[in-house]
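Heads up, the thing below is written out as structure tokens.
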Amino acid sequence: MAAVLGLLAQFEQQYSVSTAEITAKIGQLSSVPKPDRTDAIRDVRKMLAEVNDLLDQMDLSVRELEAGSTDRGKYELRVKSYYNDKKALDTELEKALARMRGGSDRSELFGDSESTFQEDQLIANTERLERTSRKVRDAYRTVVETERIGTDVLEDLGRQRETINRARERLREGDADISRSNQLATSMLHRVIQNRLVLLIVFVVLMFFLLVFVYRVL
């Protein structure tokens, strides 16, 4: 979490610098020489697009924070406020352009022709399309990464299941070995008892004959 908070702090610093520069550039548009205004407007729009990308990155980073935490709630409110500020900058730019279009030098403002304005709009639309494509690619990479992780998890579960099955087989084999060992031990015990009984009987018979022999001798 500390790494995410550090990254968000860097994003906020970059956002503050960028928005301050955009505000200054919008305020200076009317004083920009007419031949250079088209490039100046294009630069401001490019910076606004970059700020929007920065806010998207901040929003993704905030989602990495623990749900329900104080830090996440705080940064969610901040990012929402930053989006509103960015929209206000968009509105301020359009107002500045409207004021300049309302002047008598509209044709000069847009490069002495309406086609230049259309070209500027085309560039803005192209940049917007590029941002959308980039987001789609990022989403696709996320899906692919999620699928890869899911595949790895399934493979790990498969290996664990095989390990458990082998362990069960070994346990069953061990139980069978123990059963055979018990049977062998029982059989050996019976044989020992039988042998001792035979020896006892032989001893009793010998003692009987010995007593009979002694009795006759005496």
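Below are the figures for this structure:
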read-out	value
The stretch 1-23 residues that are on the phi < 0 side of the Ramachandran plot, paired with ones that are of a type outside the set (A, V, I, L, M, F, W, C) and loosely packed, with under 14 Cβ neighbours inside 10 Å (beta carbon under 6 Å, 6 or more apart)	4/64
Those residues of the stretch 8-38 which are surrounded by fewer than 16 Cβ atoms within 10 Å (Cβ to Cβ), over 21 Å from residue 52 (Cα atoms) and of a type outside the set (Asp, Glu), in sequence order	28, 30, 31, 33, 34, 35
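Values in this text are rule-based calculations from the coordinates and carry no lab data. For clarity, every value in this text was computed on a predicted model and none was experimentally measured. In this analysis, Cβ positions are derived from the backbone assuming ideal geometry, glycine residues included, and neighbour counts consider all displayed protein chains.
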